[in-house]
Amino acid sequence: MLAGSLWPVLGMAQAVPATVQSPTPPTQNAAVANGAAASQLLSAQSEQAELINKLVGRLEQLEKKDAEQKQQDEAVQAAHQKEVQKLLGRIGELEGKVGALESGRVLPEIAVSPKDGPTANELDQKIRVLARNNELAAEAAEAQAAARAKETPRITAGASGFAISSADTNFVFKLRGIVQLDSRSFFNDNPYLQGNDGFYLRRARPIIEGTVFRDFDFNLTPDFGGNTVQIYDAWMNYRYQPELQLKAGKFKGPVGFENLQSDATLPFNERSLVSDFVPSRNLGIQLWGDLAGGALSYAAGIFNGSGDGRVASNSDFGDDKEVAGRLSFLPFKNSDLAAVQGLGFGAGGSYSQVSSNTAGLPSTTGGTLPGYVTSALQQFFAYNPAVGTVYADGVHWRISPYVTYTKGPFGLLGEYIVSQQAVVNSLTGARASLVDSAWQASVQWVLTGEDASFTGINPKAPFDPRAGKWGAWQFVARFAQAGLDPDTFPVYSDPSLSAESAKSWAVGLNWWLNKNVRVLTSYSRTWFDGGGNVNPAVSRTQVPPATVTHQDESVFMTRLQLAF
């Protein structure tokens with residue numbers, strides 16, 4: 001260290017005697033002159049020693065800063081080193097002069113002049129220059145780091161999935177997924193429905209989504225659950241502004257609030273009877289957006305059309321298109337009225353014209369003919385007249401209002417749907433416009449105090465038994481009812497086999513270990529009006545819906561879910 005090399009010099013300076021021995025003067029005047037010269041030399045020595053002490057202190061500071069900047073910019077460091085070497089040379093000269101003074105090798109007539117070394121102002125100026133150079137080097141290093149950050153792709157992983165994005169986030173690739181392992185255990189087993197207990201893979205969906213060129217989002221979601229592989233979502237979305245977006249492809253249509261909830265955040269294993277009367281997925285194009293910070297949302301689109309409970313096929317089944325839309329309001333979302341901030345309501349509707357096609361009727365889930373199912377996915381109604389095959393033929397419209405409310409750990413959902421389906425019996429030629437309806441009311445209460453939500457619970461203390469943390473617990477309850485148009489029977493459905501209505505209640509307790517893992521448990525009971533006539537001699541009575549409606553349905557369901 002430079003400062004260390006100066007301390008011996010200072011020691012030597014301090015060791016100089018108070019008086020200087022000089023040769024015996026030839027005269028008294030010469031002795032006086034020599035004494036004055038020695039006094040001046042000692043004074044100069046003292047001033048120089050003080051100057052060196054100050055210089056050492058300042059140089060120690062510079063060396064510390066210089067060491068910190070060395071790794072950031074080698075070019076700047078080299079410049080600094082050059083300046084330091086120059087100062088060391090000057091200091092060496094001063095050390096030589098001091099040494100000469102101490103050894104008595106400087107003649108009295110050689111006076112030390114300020115011109116022989118840098119002035120205090122000159123040294124201070126050089127120190128200021130070096131300090132400024134350090135600041136410039138630091139600023140340059142920060143600018144270089146910022147420039148590199150702008151060019152370096154980002155890799156993130158968290159509760160929302162895994163993502164790779166460009167530095168400017170204009171290009172993003174995300175990988176998410178959902179896996180659900182369910183179980184069903186039926187009580188007071190129906191003798192005509194043996195073998196329906198057990199585990200099954202309800203959903204196994206890798207979700208690929210992302211963004212290209214900043215404003216274009218995409219999603220591809222196949223499902224490997226069940227017994228077939230099917231594409232559930234395949235769409236792209238142009239996001240001009242949050243208020244104005246355009247989506248095209250296969251996705252959930254605008255009708256049905258419960259249907260629009262994510263499969264990963266449903267309070268029960270399955271949706272209510274209301275969702276039996278809306279399509280699961282549709283194929284088309286939709287204009288949509290959120291206004292006033294989410295206080296108002298809208299959606300309007302044109303679709304191929306899809307039967308109730310169906311996932312739209314990848315091609316059309318008719319020439320006429322379906323028009324569908326939705327308006328949603330959270331009027332107090334941005335207000336200071338905490339008691340009503342969570343109040344929301346809205347309605348969705350659709351209109352289509354279908355020409356003689358079974359794909360316009362409900363899905364065949366739980367049976368072999370189009371119909372509707374319970375919360376345990378057992379078919380309780382089917383278009384199964386004694387003679388003839390039923391087709392959708394004519395106008396099909398739906399309207400579905402809803403209301404939601406959340407306040408702290410409490411949440412409420414009420415939803416209603418009316419669906420008019422025009423049908424024809426292909427054998428008899430009979431036609432009718434059947435008006436069916438369903439409604440549900442459900443509540444949730446988060447027992448551990450987290451806020452209730454229709455988009456999932458975020459536990460305050462994610463599951464970690466070693467730290468005494470156990471996640472969040474959510475109690476849920478629901479009542480639902482569905483009724484079929486009386487004109488449906490017997491021309492379009494056999495009343496001895498299919499139920500004219502179904503009513504259901506359910507309670508459940510859900511354990512959110514964390515935002516990604518949860519366990520669902522629920523008990524559901526459903527009872528029917530009509531149907532249930534099983535005759536061993538008639539084969540059509542030995543399959544759903546006759547076997548399902550033969551007695552009330554009581555089922556305990558569980559789910560282990562991983563979603564990210």
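Computed from the coordinates by the stated procedures, all read-outs in this text should not be read as laboratory data. Remember, predicted model here, so these are calculated numbers, not experimental data. When we count neighbours, we look across all protein chains shown, and the Cβ atoms used for this are built from the backbone with ideal geometry, even at glycine.
How high is the relative contact order of the chain, in percent, counting Cα pairs under 8 Å that sit 6 or more residues apart?
10
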Two-site label geometry, LYS333 and PHE410: point separation in nm, points 7 Å out along Cα→Cβ: 2.3
Give, in nm to one decimal, the length gained when the segment between LEU193 and PHE213 is fully stretched (0.36 nm per residue of separation minus the Cα-Cα distance). 1.8 nm
In what sequence do SER185, SER272, SER522 fall when counting other Cβ within 10 Å, fewest first? SER185, SER522, SER272
May I ask for the distance between the Cα centers of segment 306-336 and segment 471-491, given as a whole number of Å? 20
Report the equivalent ellipsoid semi-axes for segment 287-445 in whole Å, largest first, defined as the square roots of five times the eigenvalues of the gyration tensor built from alpha carbon atoms. 36, 19, 12
Evaluate 2.2 N^0.38 Å with N set to the residue count of segment 236-377, then give the Cα radius of gyration divided by it. 1.14
Could you go through segment 168-182 in sequence order and give the Karplus-derived ³J(HN,Hα) for each residue, using 6.51 cos²θ - 1.76 cosθ + 1.60 with θ = phi - 60°, rounded to whole Hz, and x for Gly and Pro? 8, 6, 6, 10, 9, 10, 10, 10, 10, x, 8, 10, 10, 9, 9
Name the residues of segment 416-455 whose amide N is less than 17 Å from a point 7 angstrom out from the Cα of VAL519 along the C-beta direction? 447-448
Specify the angular offset, from 0 to 90 degrees and rounded to the nearest 10, of the alpha carbon long axis of helix 2-14 from the longest principal axis of the alpha carbons in the chain. 30
Points 7 angstrom from Cα along the Cβ direction at ASP464 and ALA147: gap in nanometres? 4.2
Given a Förster distance of 51 Å, report the FRET efficiency between ASN170 and GLU122 from their Cβ-Cβ distance, rounded to the nearest 0.05. 0.40
Take the residue pairs LYS150/LYS252; LYS407/LYS469; LYS247/LYS460; LYS174/LYS460; LYS174/LYS252 and return only those whose Cα atoms are more than 30 Å apart. LYS150/LYS252; LYS247/LYS460
Using only helices, what value at 222 nm comes out for the chain when you add -39,500 (n - 2.57) per DSSP H run of length 4 or more and divide by the total residues, to the nearest 500 deg cm²/dmol? -7500 deg cm²/dmol
Quick one, which of (i) 31; (ii) 44; (iii) 49 is the actual percent of Cα pairs over 40 Å apart calculated for this model? (iii)
Pull up all non-local amide H partners of GLY530: gap of 5 or more, or a different chain, and H-to-H distance under 5 Å with H placed in the peptide plane. GLU500
Give me the extension gain from ALA131 to GLN230: residue separation times 0.36 nm, minus the current Cα-Cα distance, reported in nm with one decimal. 28.9 nm
Using Cβ contacts closer than 10 Å as the measure, can you line up ARG203, ARG398, ARG58 from fewest to most? ARG58, ARG203, ARG398
Measure nothing but the geometry: give the 0 to 90° angle between the long axis through the Cα atoms of 74-103 and the longest principal axis through the Cα atoms of the chain, rounded to 10°. 20
Loop sites in segment 423-471: chymotrypsin sites (Phe, Trp or Tyr not before Pro), DSSP, at most 12 other Cβ within 10 Å: none
Angle, helix 120-151 long axis vs. longest principal axis of the chain, Cα atoms, 0 to 90°, nearest 10? 20
